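Computed from the coordinates by the stated procedures, all read-outs in this text should not be read as laboratory data. This is a predicted model, so every value here is computed, not measured. When we count neighbours, we look across all protein chains shown, and the Cβ atoms used for this are built from the backbone with ideal geometry, even at glycine.
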Amino acid sequence: MLVFRILAVAIALGAAWPALAVQPEEIMSDPALESRARALSKELRCMVCQNQSIDDSDAPLARDLRVLVRERLSAGDSDAKVIDYLTGRYGEFVLLRPRFSLTNALLWFAPLIALIAGAIGLVFALRRSRAAPEILDASEPSLSAAEQARVAELLGVPKGKRKKVV
Amino acid sequence: MIAEIGHYALVLALGLAIIQGVAPLIGARLRDDTLMAVAGPTALGQFAFIAISFAALTACYIQSDFSVVNVYENSHSAKPLIYKISGVWGNHEGSMLLWVLILALFGALVAAFGGNLPATLKANVLGVQSWIAAAFVAFILGTSNPFLRIVGGPLEGRDLNPILQDIGLAVHPPLLYIGYVGLSISFSFAVAALIEGRIDAAWARWVRPWTLTAWLFLTLGVAMGSYWAYYELGWGGWWFWDPVENASLMPWLAATALLHSAVVMEKRNALKVWTVLLAILAFSLSLIGTFLVRSGVLTSVHTFASDPSRGVFILAILILFIGGGLALYAWRAPTLKQGGLFAPISREGALVFNNLFLTAACATVFVGTLYPLAIEALTGAKISVGAPFFNLTFGPLFVPILLVMPFGPLLAWKRGDALGAAQRLISAAAMALVAMAVTFAIAGGGPVLAPFGIGLAVFAMVGAMADLIERTAVMRVAPAVALTRARGLPRSAWGTAIAHFGIGLTMLGIICESTWGIERIVSLKPNEAVTVSSYDLTFDGMISRDGPNYRQVSAKFTVRQGGNVIEVMEPSKRNFTTRETSTTEAALMTRGASQLYVSLGDANPDGSIAVRIYHKPLVLFIWLGAVVMAFGGLLSLTDRRLRVGAPKPARKSRGTLQPAE
């Protein structure tokens, strides 16, 4: 299904696609700042693209945001401050990792809820099967006449001597 | 004319599908052999007509018949033949036709090779399968007809999107669709079992090979898609946690869980109710994937609402099959008898553990993928859930799976000996510790988690082999004896070990690539050089070369290692004239399982060119692991008990004269 993702990316970016995302001239001279900028860029969404971070995207908007992130970092902002600044300007939509909030609680707890629900279900299922141990085959649906004939055929019982096998 | 034949054949297929969806089900209810026998021929006929339809569309593409809208919009006479053919499914209408073709193929396979199925089960399975086919053929005919004509056809087509003009398009969608759609058989078996109200170990034995087939194609399809994105998109990533990718990952996770729970059901007659539910869920996730990709709902809830005809149709199909399947489950599942007691520490217990975590991982991906849609629909607020979220939540769920995985095959059914299994894994654990220590010593300053990841991957890989080593006694007896023992082992044991080894391999690749990958982004003028890892790359200059339907500009790089020229790499950009679009073709140099990856950017006015160069250590293990997994699946599929486990009706006796009754 990647085809369609690739298509979507191609359409979103138009004819200029694809070139590089991060351009050589954007890179900051201070490697520590640059690596922080790259890490931050991976967390931020290019809002005109489909599910791409500004680090991956070649769209002009992504470029502007990358430059903005670098400007804020060289101005001495902390990572958290840069994130705050961008969410202030563009809303929560810009964060690829949503913040923990009341609306997002279900999202963040999803793995835990799934595990706990599964474990509880499991305990109940085990208890139930222990409480009612299996009664061997007594209540299994018996074979139909046609199936009886098949069994006999497979067992090689001559037709005349066939009787109920199971 | 050819297009009309294709269109007409599709209408006939719909007719047959409806008959096949009704008569056998009634027949199974009334125990009427004649009505039930309708299923076989109609399934074969349905497949034949859809195949004719698909062949007709392919013929239109090969002949470049631009009076057919679909061909006009997605093809070009100058396109190489292979892309003319793969272009058939490089668009919405054609890909849906491929979808139903594979659906009908699976139905036909059950009809042809399901001779040993009980008559009512076979009739019900084919009936349910046909309902799915009918719904999707109606969808194609109603909203996505690929055979529509333009009056006075244009002379030239608009060409296929250049990014799709790649061998990846020829391979990836068919593989993925075989996997996706193959799960429909497990679904049909589950629904048939619920209709009959009867399910036993034999049912699991019939379902398992079909699920295994679907799973191995799905594995290859997902891996192939990932590799395609890696080399074609040109930014070196191989998994983006895109909703469209998640749409293929979710069925894979569910199918993997189903594969394991079906083993428990087949061997121990336990987990019946759960297995049936998983079979329904696995295909439901395939359908949801189709819906997500096909309806446009991903871009925004609003684009979906603005052109809803296709989306609403698929949504209706979705509700019908998922809702219907689950409702039937809720109604009938309580009547299914649970059986097969087991202690928590046992083979069953390990498989249940596997199921718990795989399902939780699947649920996480599901919630993460759909949460933004739900929030937007409910509150109007827009949020994004992307790679950072999934890396943080999905990864930890896979760690316990990998840790427990080597234990599973070493535990006995019913009641296992954890201590004994642990003792047999001591050498695997020791090797994992050594690997951790070595990693830590070499890359001490790196990420703290990386050595643990390497240790875990090594534990999974060596541990996967523990069962084989134990059972062949290769360490204790003469090689010849061990070889004989190895031959005597069931192929499913080999399959399990190899597939488990594969997942460890994939994990090793992921960790190495993401931790020690190097990226350099530079502007280079001709004759300038750059060093990446142990390689020196010199930019020699630009070369122009034209292809059949594009113009290509390549940059020539000479790669040296220790002063010796080892390779010439030519990353390029192609400009496709018809669509006025361009693509970058990354150049790859493979050394062992590691790759050097060079991708071109824009040329600057001063004659320099921007390039992105990556060194990706052991990156090929990511996909090689998936191929190994699929190979394990294939071995398991050829296991004796699946080949001859349920014998065919004795053909020999049929040939001889039978006494009159």
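In terms of other Cβ atoms within 10 Å, B:366, B:621, B:440 run from fewest to most in the order B:440, B:366, B:621. Taking θ as phi - 60° and the Karplus parameters 6.51, -1.76 and 1.60, the scalar couplings of the stretch B:543-549 work out to 10, 9, 8, 9, x, x, 10 Hz in sequence order, x denoting glycine and proline. Compactness of the stretch B:170-245, taken as the C-alpha radius of gyration over 2.2 N^0.38 Å, stands at 1.43.
Normalised by the number of residues in the stretch B:410-549, the mean separation of alpha-carbon contacts (under 8 Å, six or more apart) gives a relative contact order of 19 percent. Working note: Cα atoms of chain B, range along each principal axis, descending, whole Å: 93, 77, 61. Just how far, in whole angstrom, is the stretch B:403-438 from the stretch A:83-105 if you go by their alpha carbon centroids? A separation of 43 Å, based on Cα centres.
To one decimal place, what orientation-averaged projected area in nm² is obtained for the convex hull of the Cα set of the protein assembly as shown? Result: a mean projected hull area of 40.2 nm². With 27 Å as the limit, the listed pairs B:267/B:337; A:81/B:616; B:337/B:414; B:84/B:556 have A:81/B:616; B:84/B:556 beyond it between alpha carbons.
Close amide H partners of residue A:95, meaning residues 5 or more places away or on another chain with modelled amide H under 5 Å apart, are A:45, B:384. For the stretch B:122-249, relative contact order (Cα pairs under 8 Å, six or more residues apart, normalised by length) works out to 31 percent. Based on Cα contacts under 8 Å between residues 6+ apart, chain B shows a relative contact order of 11 percent. Going by neighbour counts of Cβ atoms within 10 Å, the residues B:67, B:95, B:184 line up, fewest first, as B:67, B:95, B:184.
For the stretch B:1-160, the equivalent ellipsoid built from the Cα gyration tensor has semi-axes of 35, 14, 10 Å, listed from largest to smallest. Residues whose amide H comes within less than 5 Å of that of residue B:566, counting only those at least five positions distant or on another chain, are B:559, B:560, B:561 (H built at 1.01 Å from N in the peptide plane).
Across all Cα atoms of the stretch B:518-616, the radius of gyration (one decimal) and Dmax (whole number) stand at 13.6, 45 Å.
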